[in-house]
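Colleague: Input: one structure, supplied below.
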Amino acid sequence: MRRNDVSAMYPAAAMARTYPVRRDFALVSQIFFYSFLTFQRFNVLTFFLLLLATTACRSATSAPSLERFTFTSPHMGTLFTITLYTTNKASAETAADAAFHRVAALDEIMSDYRADSELMRLCDQPFGKGVPVSKDLFDVFTRSEEISKLTDGAFDVTIGPCVRLWRFSRKRKAPPSTEELAAARAAVGWKNLRLDPHARTATLLLPNMRLDLGGIGKGFAADEALKTLKGRGIDRALVAASGDIAIGDPPPGESGWKVGISGIDVETNDTAYALVLHNCGISTSGDSEQFVEINGIRYSHIVDPATCLGLTNRIQDTIIAPNATTTDGLDTALSVMDVQRGLALVDSLPRAAALFLKKEHGQTQSFPSRQFKKRFPNFSPN
Ligand code: ADP
Ligand code: MG
């Protein structure tokens, strides 16, 4: 996770605004709904049978009406917001408490600003030694490794030494020297974090390695919070960790949650577009709010693992996939990959849709992926 002081340094990420869908979004929702079924390879006949069954049940017993509740709590250097539907305040509060508790526990494991977090304790172990880790840490490492493979190393949780260098550079207002960059790069590379699923151990293969889960931890925590709510019978819920959102079943009587994504120009505070979503994750990443400026050059807090340099492209990407862990990891990688490579990757994934916004010479251009165009045909750029 990013440190608290760092989140002040890089103010809050592109914030996705969330609220239940109104009827005027019904058309978009329906389109999404049907395409989502295709996504899930869901048996349509089974679905309609189930639908008939639920309708029949509903008419036989009149269920108590659901109320909407919203809770917020600061974690991981940002504000987590839970919106859920249930029948009464007491169960809403207990469920939200449990979900925030889960997020806090994950923060204690994954934080890179708490010297005693499990992640930092692992980094303090001698390199080459297999260290037993908790199931949560092992799970997030496993998901990270999958995303590193998928993105050919553009996503890399061993990026820590480079991220630290850029934080330090910002404080001293000078870019890292060539020697500093070389030293940091020598301790980076996702293949140097070895995972053993049988022994559930992690081994750092190089000296001076530093792990950083800032690119995936919020999405993972949002997914876990949503699971906690589901475990308590609350399925109509949404957990937003700033720009990383885990989305459950739709609000009652609606076909999805309306999620507004801000444009690349944070100064104008515009909403570039709004989507209606359910049962998926969505993340937005980019340099619109989080950057450092040194000698007139704007460097993103996202670092290219191949060079150890903060990104200088003005890009924002939004990705939708089955869960928020995947979207959080991928949104960071897509920024590194840039539009052409990023679109090629997203178009190769059957269950992902993305939108890139790129600012060049004062002009913002948008690049929707194939699935994005198909699922949101009414999307009109800018
Ligand atoms: P945000 O923190 O704004 O949600 P991201 O999800 O893109 O944005 O995460 C950015 C964070 O990820 C950085 O602050 C840093 O901790 C970490 N990071 C930077 N570059 C990479 C990278 N190439 N791969 C994985 N993590 C990265
Ligand atoms: Mg991310």
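Colleague: Yes or no: residue 240 outside any helix (DSSP H, G or I), in contact (Cβ under 8 Å) with a residue 12 or more places away in the chain and over 28 Å from residue 73 (Cβ atoms)?
Modeller: Against the criterion (outside any helix (DSSP H, G or I), in contact (Cβ under 8 Å) with a residue 12 or more places away in the chain and over 28 Å from residue 73 (Cβ atoms)), residue 240 does not qualify.
Colleague: Of the conditions (1) part of a helix (DSSP H, G or I); (2) more than 25 Å from residue 191 (Cα to Cα), residue 82 fails just one. Which one is it?
Modeller: Of everything listed in (1) part of a helix (DSSP H, G or I); (2) more than 25 Å from residue 191 (Cα to Cα), residue 82 misses just condition (1).
Colleague: Hey, another quick one. Please work out if residue 348 is over 16 Å from the mean Cα position of the chain (by Cα) and either surrounded by fewer than 23 Cβ atoms within 10 Å (Cβ to Cβ) or under 20 Å from residue 240 (Cβ atoms) (or both).
Modeller: yes
Colleague: At least 3 residues that are within 16 Å of ligand 2 (Cβ to nearest atom) and modelled with pLDDT of 95 or more in each: list the strands (runs of 3 or more DSSP E) lying fully within region 246-334 that qualify.
Modeller: Correct list: 280-286, 315-321.
Colleague: Could you grab me the full set of residues in region 77-117 that are farther than 19 Å from residue 324 by Cα, of a type outside the set (A, V, I, L, M) and crowded, with 19+ Cβ neighbours inside 10 Å?
Modeller: 85, 86, 112, 117
Colleague: Same structure, new question: Restricting the search to region 60-118, which residues are farther than 26 Å from residue 135 by Cβ, in contact (Cβ under 8 Å) with a residue 24 or more places away in the chain and hydrophobic (A, V, I, L, M, F, W, C)?
Modeller: Hits for region 60-118 are 66, 69, 71, 79, 92.
Colleague: For region 209-241, give me the residue count where each residue is more than 16 Å from ligand 1 (Cβ to nearest atom) and more than 16 Å from the chain's Cα centre (by Cα).
Modeller: Within region 209-241, residues that are more than 16 Å from ligand 1 (Cβ to nearest atom) and more than 16 Å from the chain's Cα centre (by Cα) number 10.
Colleague: Consider region 168-186. How many of its residues are surrounded by fewer than 20 Cβ atoms within 10 Å (Cβ to Cβ) and either of a type in the set (Gly, Ala, Ser) or touching a Lys or Arg at 6+ places or on another chain (Cβ under 8 Å) (or both)?
Modeller: So the answer is 6.
Colleague: Still on this structure, please answer the following. Quick one: is residue 364 surrounded by fewer than 18 Cβ atoms within 10 Å (Cβ to Cβ) and either within 19 Å of residue 265 (Cα to Cα) or not polar (S, T, N, Q) (or both)?
Modeller: So residue 364 passes the test.
Colleague: Sort through 195, 205, 213 and tell me the only one that's in contact with a helix residue (DSSP H, G or I) (Cβ under 6 Å, 6 or more places away or on another chain), crowded, with 24+ Cβ neighbours inside 10 Å and either modelled with pLDDT of 95 or more or not aliphatic (A, V, I, L, M) (or both).
Modeller: Every option except 213 fails the conditions.
Colleague: Please pick out the residue among 380, 300 that is at negative phi and within 10 Å of ligand 1 (Cβ to nearest atom).
Modeller: 300
Colleague: Among the residues of region 245-252, are any within 16 Å of ligand 1 (Cβ to nearest atom), in contact with a helix residue (DSSP H, G or I) (Cβ under 9 Å, 6 or more places away or on another chain) and under 28 Å from residue 358 (Cα atoms)?
Modeller: Yes, the conditions are met somewhere in region 245-252.
Colleague: Moving on to the next point. Mind checking which pairs have a first residue in region 206-233 that is without any contact (Cβ under 8 Å) to a residue 24 or more places away in the chain and a second that is away from ligand 2 (no atom under 11 Å from the Cβ) and assigned to a loop (DSSP other than H, G, I, E, B), Cβ under 7 Å, 6 or more apart or different chains?
Modeller: 230/248
Colleague: Where in region 123-216 are there helices (runs of 4 or more DSSP H), lying fully within it, with 2 or more residues that are closer than 23 Å to residue 113 by Cβ and among the aromatic types (Phe, Trp, Tyr)?
Modeller: In region 123-216, the matching helices (runs of 4 or more DSSP H) lie at 135-150, 160-172.
Colleague: Please work out which one of (1) free of Cβ contacts under 8 Å to residues at least 60 places away in the same chain; (2) within 14 Å of ligand 1 (Cβ to nearest atom); (3) over 27 Å from residue 133 (Cβ atoms) is the condition residue 170 fails and give its number.
Modeller: Among (1) free of Cβ contacts under 8 Å to residues at least 60 places away in the same chain; (2) within 14 Å of ligand 1 (Cβ to nearest atom); (3) over 27 Å from residue 133 (Cβ atoms), the lone unmet condition for residue 170 is (1).
Colleague: Keeping to region 315-360, report how many residues are among the small types (Gly, Ala, Ser), closer than 23 Å to residue 298 by Cβ and within 12 Å of ligand 1 (Cβ to nearest atom).
Modeller: So the answer is 2.
The values are calculated or read from the model by the stated rules, or taken from the named source; none is laboratory data. Given the structure is predicted, the values throughout are model-derived calculations rather than measurements. Because the Cβ atoms are built from the backbone with ideal geometry, glycine has one as well, and the counts that use them run over all protein chains shown.
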